[in-house]
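Everything on this sheet refers to the single structure shown next.
The values are calculated or read from the model by the stated rules, or taken from the named source; none is laboratory data. Here the structure is a predicted model, which is why all the values come from computation and not from measurement. Note that we place each Cβ from the backbone using ideal geometry, even for glycine, and neighbour counts take in every protein chain shown. SASA here: full protein model, heavy atoms, side chains in, ligands and nucleic acids out. Shrake-Rupley method; radii C 1.70, N 1.55, O 1.52, S 1.80 Å.
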Amino acid sequence: MMQLLISIAIAILIPLILRFYNSKTNVFELHNNIDFNDYFSNDYESARELFEANALKAGFDLSISGGMQPVNRSKLEPSLLDKKIDLTTSVAIRRGHPNKFLIHISGVHGPESYAGSAIQSHFLSHFSQKNLDVNESGNNLPTIVLIHALNPYGFATNRRVNEDNIDINRNILDLKHFEFVKSRNPNYAKYVDMDETMNPTWFPFHNVIVTKVCMLFMTIKSIILYGMLSIKTAMVAGNYHKATGFGFGGFEASTSALNLFKVTLDVLDIPNQASELVLIDVHTGLGESGVDTLLMEADDSNDDYLEAIFPIEYHTNQNATNKRFVLGGLKERALRSSNALHNTPTPTKKSPLLAGGYELTIGTTTHFCEGALAPRLHGPNKICVTQEFGTVGAITVGQVLIAENYAHHYGNAEEKAYFLSQLKDCFYVQTDEWKKRVLHRGEAVFYQALKKLSS
């Protein structure tokens with residue numbers, strides 16, 4: 001009974017506490033003069049224009065962008081068709097060491113694109129060989145690959161998924177893995193048991209307040225029935241059987257996945273060429289607002305080298321207490337095992353704070369990086385990370401994700417617009433403080449990886 005009461009209290013109080021905390025704390029005083037608003041674009045179109053302009057000025061090659069498959073226009077909403085712009089992924093490459101690669105990805109999930117795009121454009125606008133501390137001559141720099149807006153439809157619409165309702169970060173699979181996920185029990189992560197939670201059909205959209213009360217009721221009911229860890233596991237494991245459902249991973253590789261394969265496997269031939277590789281995929285949504293955590297796949301190797309390359313960054317608040325705060329660089333590994341590739345795995349109760357629940361998740365950029373992209377590399381020679389910036393409370397994020405998916409399929413235009421706005425606010429915190437943190441920490445991790453590969 002006590003555990004039940006605690007779970008209900010968590011569902012109600014955590015979003016309120018985080019909102020209060022994030023509004024009252026301001027520990028970040030670095031880069032106060034940074035021109036961050038010059039890099040956080042208002043939409044996909046302006047972000048793409050800024051990225052490509054800065055890439056050309058920095059001497060990066062954009063020619064491969066012309067080979068990227070755009071979103072099928074027949075699947076676009078009228079508002080996007082009116083703009084008469086192809087929705088496509090841009091790729092900027094600076095050829096360096098032929099066997100060392102730094103890959104930086106933005107925009108796997110629509111409204112999370114603002115952060116990753118800003119980091120990339122900021123890096124490009126300040127890129128200069130003679131200003132690089134890691135190597136003055138630039139001769140030993142790795143080949144740098146910037147993949148901008150891997151999910152251009154999501155960026156353009158603020159939907160987290162693509163034009164086919166596919167979560168790209170569950171879709172980066174080869175034919176063998178697609179055969180597996182489509183053939184296994186669809187209830188492998190208890191998704192079917194929780195279908196009413198994942199895909200509700202009764203939201204009273206006509207009244208926002210009533211809707212939020214219903215969402216809270218649904219959350220509490222689900223926590224009582226299943227527990228928070230099981231709910232998160234079902235949400236993030238993906239589904240491969242219900243195309244309109246939340247967390248749909250697709251029945252085959254999406255355009256975004258095929259574009260990623262073309263750049264990394266075909267054009268750069270990384271599996272055969274790489275002796276060292278760092279892949280950084282920028283996401284937002286999990287953790288304390290503005291603080292980044294580096295999430296990685298499970299690995300039996302010693303992680304001391306990771307702390308040496310990407311040290312935790314602290315900042316001391318000089319205003320009053322002189323208390324040290326974490327700016328970013330926290331690290332977690334998903335406790336994945338071979339169970340992820342079987343029908344009846346179970347999550348562990350000892351899972352890390354943010355990575356907990358991802359034990360059954362495959363089809364991500366880091367899963368692709370660890371497997372198909374560089375199967376010959378191990379330990380410090382292959383580092384695949386998701387740089388996750390916190391935004392708002394995790395329960396709020398989950399509620400809005402579910403509501404937006406329902407509104408997209410069954411709501412009217414006004415309801416769709418409302419929940420898209422809510423979704424954008426969940427993954428893109430439009431405050432000066434948050435933007436400063438994102439640019440500062442995004443730049444820090446990028447240059448740490450660059451330094452590692454240039455040694």
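Observations
- Once the Cβ-Cβ distance of Asn72 and Lys323 is raised to the sixth power relative to R0 = 35 Å, the FRET efficiency obtained is 0.10.
- Taking a ≥ b ≥ c as the square roots of the eigenvalues of the alpha carbon gyration tensor, the stretch 32-99 is oblate, as a/c is not under 1.5 and a/b does not beat b/c.
- Per-peptide average of other Cβ atoms within 10 Å, ordering 411-424, 71-84, 381-394, 240-253 highest first: 381-394, 240-253, 411-424, 71-84
- Förster radius 45 Å - calculated FRET efficiency between Glu252 and Ser421, Cβ distance, rounded to 0.05: 0.90
- By average C-beta atoms within 10 angstrom, highest first, the peptides 221-230, 284-293: 284-293, 221-230
- FRET efficiency, 1/(1 + (r/R0)^6) with R0 35 Å, evaluated for Tyr314 and His378 via beta carbons: 0.70
- Dipole-positive endmost among Ile93, Ser113, Ala55 within the stretch 36-117 (Cβ charges, Cα centre): Ile93
- Ser275 accessible area, assembled protein chains, probe 1.4 Å, Å²: 50
- Of Lys190/Lys452; Lys182/Lys221; Lys57/Lys424; Lys182/Lys262; Lys57/Lys382, those spanning more than 32 Å from alpha-carbon to alpha-carbon: Lys190/Lys452
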